[in-house]
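Engineer: Here it is, the structure in full.
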Amino acid sequence: MLKRRKGSAAKKSPNSEPQLDENKEKKNNQLQEKSNSNAANLKGNVNFNSKSNSDERLRRKWSCVDNCCWFVGCICSMWWFLLFLYNAMPASFPQYVTEAITGPMPDPPGVKLAKEGLTAKHPVVFVPGIVTGGLELWEGHSCAEGLFRKRLWGGTFGEVYKRPLCWVEHMSLDNETGLDPPGIKIRPVSGLVAADYFAPGYFVWAVLIANLARIGYEEKNMYMAAYDWRISFQNTEVRDQTLSRIKSNIELMVATSGGKKVVVVPHSMGVLYFLHFMKWVEAPAPMGGGGGSNWCADHIKAVMNIGGPFLGVPKVVSGLFSAEARDIAVARAIAPGVLDIDVFGFQTLQHVMRMTRSWDSTMSMLPKGGDTVWGGLDWSPEEGHECSVKKPRNNNMQTARPNGTGNSANATRVKYGRMLAFGKDVAELHSSEIERVDFKGAIKGKNLANTTCRDVWTEYHDMGIGGVKAVADYKIYTASSILDLLHFVAPKMMKRGDAHFSYGIADDLDDKKYEHYKYWSNPLETKLPMAPDMEIFSMYGVGIPTERAYVYKFGPAAECYIPFQIDTAAEGGDDCPCLKGGVYSVDGDETVPVLSAGFMCAKGWRGNTRFNPSGMRTYIREYNHASPATLLEGRGTQSGAHVDIMGNFALIEDIIRVAAGATGEDLGGDQVHSDIFKWSERIKLQL
Amino acid sequence: MAYILRFRKLCFLEPVKYSSCDKAKADEKKSVETPKVENEDQGAVSAVLEENTKRKKQKKQPKEWRCIDSCCWILGYMCTTWWLLLFLFHCLPGNLPGLKVPEPPGARLKREGLTALHPVVLAPGIVTGGLELWEGKPCYEDLFRRRLWGGSFTEIFKRPMCWLEHLSLDNETGLDPPGIRVRAVPGLVAADYFAPGYFVWAILIENLARIGYEGKNMYMAAYDWRLSFQNTEIRDQTLSRLKSKIELMYVTNGNKKVVVVPHSMGVIYFLHFLKWVESPPPMGGGGGPGWCGKHIKAIMNIGPALLGVPKTISNILSAESKDVAFIRAMAPGLLDSDFLGLQTLEHVMRVSRTWDSIVSLIPKGGETIWGNLDWSPEEGHVCDSAKKTQHQQHLDNNRKNENNSKGGTSFRVQELTKYGRMISFGKAASDLPSSQLPVFGSEEFVRGNSSSNSNSSCGDVWTEYNEMTQESIKKIAENKAYTVRTLLDLLRFIAPKMMKRAEAHFSHGIADDLDDPKYNHYKYWSNPLETKLPDAPDMEIYCLYGVGIPTERSYVYKLSASGRCKTIPLQIDSSADGSDNGCLKGGVYFADGDESVPVLSAGFMCAKGWKGKTRFNPSGIATYIREYMHKPPTSLLEGRGLESGAHVDIMGNVALIEDILRVAAGASGAELGGDRIYSDIRKMSEKINI
């Protein structure tokens, strides 16, 4: 390429003097003539010569186009050639290369267990989580014409880039009802395709499905309980009858597989969704499914929760508060730019916030249990957790240990209980030294910005400067005051959310009010069904720093900006490695902290408690995160990350064994790497 | 064409152009030297000589280059124009002002105020449903959950033998061969498009969606169309699934009954379901006698193959399956040319003979329905529409003549096509009066052991023909003409394994006494002439089909030249052409129909068999016939036509879609306008004594 360029440049320079050039050309022609007559192999070219004269001019006219064409042609043919080679390549080639480099790969668990003689026994139900399920268009405005039954969410996301505003408009829900806006119908994709791959090449359930198929599973005994993950759980039933559909499918699978109970495998928010389902299905008809009090006992063998945010996810707080939704890790991985840079002008985040705030389901994952579970101003169950615990172990065990513990004991007892703090120093001070001004009475001023930012209306515009300041003056928010904060900041959203979700702890579970569906997805306000033979597994990854609390600051004071943002400058340094970029992190699977994923199975439901009256057995299976050794491994076979764990061989093996009939005891009971039992003990919860 | 011209032009230009290109390079080289050259004398001979030697050197290199260069150039040119066009196409607004896209019926009906009321169940026919791989041999290891059937069919071209192996079923059981699991694709995607751009149900689905249908009140009853109907339940529990889905939709949509829309073979599949669901558990679904009456509002059969399809016979006999019109449309060369060596047809025959479902499409009802050697219900049909009126007069004259003097009969007999002879060997045999035909009983067929030599060399493409000797094949041909009844014997002789398997699942007769307990067996459930409709007086049955396209009805065969591995000894005598009324073309006699299903098969049950209270329809379910006259698309822009009557293209027929939408939104058959008939189906039905 470079050579060619240089050549053409050199060619141009003499052309600056046309006279001389012409002369030269004539001379060239003469020379050529001579040379031609001299050259024995090019004879009889008088014709040729005259022709070349005329063609020379022709060439001059489109030589650039020619060159381009030539270039494009070269690239195309190369590309096709490579493509051809790629297609002609035997399918096992990449695996062969990998094995040549890294040594023989372990058999996929499905193959291994098929050799052991396991076969399909219990039907399997998958419940996908938030974000991972595909959504398709059934009715839309004119800007989305031609997209009928095409995926708007999941797949290639081509529409985000093509028509971003149209896309945001269609993905949003109605701000009042939390259902479809008029004239728009977005529905979940059904079947296994709904969530096997989130985007081409980015598996979610596909690996698990493929491994189950190896021991004989197929469409008839696997069911993907796809639902519209944007709307609240009860609304999926009201609008789409999704819960009825799941009930009917489970009943069908139990009947057609000869009375074998199903194994349910929910992931992420699907865990809460299925919790809701279990209450719904046994509740009497108008509000529930009318399955009777034995339905779960009759139809479900085990619930194998993967990365379940039973008690909520702190990420959601920051997501709702300032749209810095690191929760949508998957979306980020796909389109790292979309959320962070200013694709839609400078209002990306505002648009995202407006859209996500219309989704009721995000509110299902706000931290539940208040200060009792998540810790207060000066206390939290995880305190004493060492974030850098890996480093000393790797470097120099003997010397680093005493120093590290000493440090953490004195200075870096992170106050995780303060989930939102304005300013880093505030986050670390003792509670008695902080002045707090109550924000609830603050008057919301009318904002002048309304007129200019009409398009990206978020509820912040209703607050005015006074309101914003009042929020910051309160300084510190714990899990319970965050709810008040959100009520203040986003009253409309929380009003919708309050009708569908609740975040407290029940004092008396027999209270009549707990029969309402808004409590069904909160494990601290519902009883598990009466099914002593059922088993509940909590499977999650550990060993990845996970967001737990945030340091906030004011955003730039421009008119249309969100007034708050995470203070990315707040760094903990050496004495407090848990604080990075304004985020306090703790052990977990990158999204869900261990506390949320493990507490219910470690303590809340363990044995005969008031939340688990029939005493069904619970098991904790933790998977220590090991990042993939080479690029060839893709996303790793030992990953503990929230979504990548679906490709974790150990987890898949556990699921397959249970599906083939094993019990929790057969698997080996609990498998714990984190401090979950220690932390659970610190939580004073009446059981 | 334009490309070729351009290419040629290029070839003429090329040498010059690139030599000049070389010169440009030479110029560069020279420009480096220019000071030297310029300083010396203009005509410095030494310089010229130097030039010359250089030039020679350079000439050699570019010469080898030239072809690749020009290729690249052409490719680049084509690519860029292609991209440009593509870009323009994408920039094009969806509806150009000049091209007025007709409003889809769904939008029009929505303005009329129709909304989704009854849930809709779609039952696809044979061939149109997608199949995907769940477990395969090593050659298909990487194709887990990819479509083998439907979609782009790229796998046929990549690994044809592997593909055939995976689509075949076990020859004995009619189920999966060991180690292979190919399953039906579930959901609406199963049959919305057969191949990219080739719609089947997509247009209907889209129009239903316009009046408010969505995933929760629309269900595609996809099934593995290769299996016999009862086997879909045994292997996949498809019928139970369908039952549960219908019950669910009935409940979740406010106790609204469902409207079922089966197509082609889906019609008899659903007929099977109707009986299955009410039968007691071990064999049936145990829904109890009132199930259909409670859950089903209407069955809107599209292109129903109720009494079978004559095409199936040619398919089984010689794999000349014009039935699989789809495949032909997809890859016209694939089946007919010798793509896999010489044995394409043999392979196709071997694979398709393992599919039980094909047997369900063999004409049912025997000679009573389809006619015998001398008689058929369609006789008098005129294929050439131009001749129609004239012929009609002619017939009337004949009739008058007949009344006046009985001399005209012989003339008439010559005139009429003998559709009853489904297969005849030689054109003459199809015309002769029956008395002159030699008739053998089927018992006389003698099955000899095949000569070993053909077996050894052609082991791979084993078809059952290999087990037959030349003599027995000859004997078949001697029998000249076959009616439906003798045809079944013939098939049993030619393909004993397939028929043995399939006859456990299907029956092709007419019941004398429907209360006979033997008719409780599932093999009779898909034959409308051997089952009673369920007791559901409020249900409605529609027969919606296209007319006005010549449809295969009977065949003229010949013995094919026997090559070493050409194991199919019979083939359609495509040279047999013409008869006075234009019904014989390329060895095939045509009757009226929708290109696949003759009117007789599609319409008879609705026109007569089930009309009113008959023994087949004891509760008197109302039946309606809606025919759609075929009109080919007027311009290319219309695609496959808005008023087509062809077997599959009718799914895009605006009138048909409107009918379905109206019924789904609550209309009854009477509100649609009752029967709408263009063909002679009434007349034909009257001729059938049943």
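Every number here is computed from the coordinates shown, using simple stated rules; none is lab data. The structure presented is a predicted model; accordingly, all values stated were derived computationally and were not measured. Because the Cβ atoms are built from the backbone with ideal geometry, glycine has one as well, and the counts that use them run over all protein chains shown.
Engineer: According to a simple spin-label model (label point 7 Å from Cα along Cα-to-Cβ), what is the distance in nm between A:ASP425 and B:GLU141?
Structural biologist: 6.5
Engineer: Taking a threshold of 19 Å on the Cα-Cα distance, which of the pairs A:LYS185/A:LYS247; B:LYS500/B:LYS523; A:LYS603/A:LYS684; A:LYS512/A:LYS603; A:LYS495/A:LYS553 fall above it?
Structural biologist: As for pairs spanning more than 19 Å Cα to Cα, those are A:LYS185/A:LYS247; A:LYS512/A:LYS603; A:LYS495/A:LYS553.
Engineer: Between A:LYS150 and B:VAL251, take the C-beta separation as r, use R0 = 25 Å, and let me know the FRET efficiency to the nearest 0.05.
Structural biologist: The formula returns an efficiency of 0.25 here.
Engineer: Then there's this: Apply the Karplus parameterisation 6.51 cos²θ - 1.76 cosθ + 1.60, with θ equal to phi minus 60°, to every residue of segment A:599-613 and state each ³J(HN,Hα) to the nearest whole Hz, in sequence, with x for glycine and proline.
Structural biologist: Calculated HN-Hα couplings, in order: 4, 4, 6, 7, 9, x, 10, 6, x, 8, 10, 6, 7, 9, x Hz.
Engineer: Normalized C-alpha radius of gyration of segment B:595-690, against 2.2 N^0.38 Å?
Structural biologist: Expressed relative to 2.2 N^0.38 Å, the Cα Rg reads 1.21.
Engineer: I would also like to ask the following. State the Kirkwood hydrodynamic radius of segment B:163-313 in Å, one decimal place, computed from all pairs of distinct Cα atoms.
Structural biologist: Evaluated over segment B:163-313, this radius sits at 16.9 Å.
Engineer: I need the calculated FRET efficiency for the pair A:ALA569 and A:SER432, taking r as the beta carbon distance and R₀ as 35 Å, to the nearest 0.05.
Structural biologist: 0.85
Engineer: Would you please give the FRET efficiency between B:CYS91 and B:THR154, computed as 1/(1 + (r/R0)^6) with r the Cβ-Cβ distance and R0 = 30 Å, to the nearest 0.05?
Structural biologist: The formula returns an efficiency of 0.50 here.
Engineer: If I model a spin label as a point 7 Å beyond the Cα along the Cα-Cβ vector, how far apart are those points for A:TYR161 and A:LYS495 in nm?
Structural biologist: Calculated label separation equals 4.1 nm.
Engineer: Also: Could I have the simple spin-label model distance between A:PHE71 and A:ASN608, label points 7 Å from Cα toward Cβ, reported in nm to one decimal?
Structural biologist: Label at A:PHE71, label at A:ASN608, 8.1 nm between them.
Engineer: If you rank B:PHE229, A:PHE488 by fewest surrounding Cβ atoms within 10 Å, what's the result?
Structural biologist: A:PHE488, B:PHE229
Engineer: What whole-number value in cubic angstrom gives the convex hull volume per residue for the C-alpha atoms of segment A:561-687?
Structural biologist: So the per-residue hull volume is 197 Å³.
Engineer: Something else now. When a footprinting reagent is the concern and you count Cβ atoms within 10 Å, what order do A:PHE599, A:PHE564, B:PHE144 take, fewest first?
Structural biologist: B:PHE144, A:PHE564, A:PHE599
Engineer: Could you work out the mean projected area of the convex hull around the alpha carbons of segment A:248-308, in square nanometres to one decimal?
Structural biologist: 4.0
Engineer: Can you compute 3J(HN,Hα) from phi for each residue in segment A:583-588, using the Karplus curve 6.51 cos²θ - 1.76 cosθ + 1.60 with θ = phi - 60°, rounded to whole Hz and x for Gly and Pro?
Structural biologist: These are the phi-based 3J(HN,Hα) values: 10, 7, 10, 9, 5, x Hz.
Engineer: Next question, about the same structure. Using each residue's phi in segment A:230-245, evaluate 6.51 cos²θ - 1.76 cosθ + 1.60 at θ = phi - 60° and report the 3J(HN,Hα) Karplus result to the nearest Hz, with x for Gly and Pro.
Structural biologist: Here the 3J(HN,Hα) series is 8, 9, 5, 4, 5, 5, 5, 6, 4, 8, 10, 6, 5, 5, 4, 4 Hz.
Engineer: Using 0.36 nm per residue of separation minus the Cα-Cα distance, give me the extension gain between A:ARG682 and A:TYR96 in nm, one decimal.
Structural biologist: Net length gain for the segment: 205.9 nm.
Engineer: Could you list the square roots of 5 times each eigenvalue of the Cα gyration tensor of segment B:242-314, that is, the equivalent ellipsoid semi-axes, sorted largest first and rounded to whole Å?
Structural biologist: Values for segment B:242-314, descending: 25, 16, 9 Å.
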